[in-house]
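Notes for the one structure printed next.
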Amino acid sequence: GATIIIPADDSNETRALFLLAQVGLIKLPENADAEKGVTTLDITDNGGYKIVPVQADTVAAQLKNSNAGTIAVINGN
């Protein structure tokens, strides 16, 4: 039931979701395509996590002000 904060802009949301799928935290459809993009609506199994997209430049601040156990995918800019 933990929360995962991700950036909400198209390219970074797609990257974040593919990263979460790669490490086994969520599942995406087998035909998911990074070039076409994916959103939280495409998640087929959220692993019990609450995935919260937020404005990309606020991810770190949102994480800082979150409950213990919350994790985030922070983009590099």
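The values are calculated or read from the model by the stated rules, or taken from the named source; none is laboratory data. Small disclaimer: the values here were computed from a predicted structure and weren't measured. Here Cβ is always computed from backbone atoms with ideal geometry, including for glycine, and neighbour counts include all displayed protein chains. Ligands, DNA and RNA are stripped out before the accessible areas are found, and what is left, the full protein with its side chains, is counted by its heavy atoms. Shrake-Rupley method; radii C 1.70, N 1.55, O 1.52, S 1.80 Å.
Residues of the stretch 40-52 being open to solvent by 50 Å² or more (accessible area, probe 1.4 Å) and β-branched (Val, Ile, Thr), which ones? Residue satisfying the conditions is Thr44 alone. Please enumerate the residues belonging to the stretch 32-67 that are small (Gly, Ala, Ser) and in a loop (DSSP other than H, G, I, E, B). Selection gives Ala32, Ala34, Gly37, Gly47, Gly48, Ser66. Tell me which residues, restricted to the stretch 12-39, are closer than 23 Å to Gln55 by Cβ and open to solvent by 60 Å² or more (accessible area, probe 1.4 Å). Those that are closer than 23 Å to Gln55 by Cβ and open to solvent by 60 Å² or more (accessible area, probe 1.4 Å): Arg15, Phe18, Leu19, Ala34, Lys36.
I'm trying to understand the selection: among the residues of the stretch 1-11, which are under 13 Å from Lys50 (Cα atoms) and not in a loop (DSSP other than H, G, I, E, B)? Step through it out loud before you land on a result.
Step one: list which residues in the stretch 1-11 are under 13 Å from Lys50 (Cα atoms), which gives 1-6.
Matches in the stretch 1-11: Thr3, Ile4, Ile5, Ile6.
Looking at the structure I just gave you, is Ile26 in contact with a Gly (Cβ under 7 Å, 6 or more places away or on another chain) and under 19 Å from Ala2 (Cα atoms)?
Yes; evaluated as a whole, the condition is true for this residue.
Taking every residue in the stretch 65-77 that is under 11 Å from Ile5 (Cβ atoms) and pairing it with any residue that is among the polar types (S, T, N, Q), at least 6 positions away or on another chain, the pairs with Cβ-Cβ distances below 6 Å are Thr70/Thr3.
Mind checking which residues of the stretch 1-52 are of a type in the set (Lys, Arg) and more than 12 Å from the chain's Cα centre (by Cα)?
Hit for the stretch 1-52 is Lys36, nothing else.
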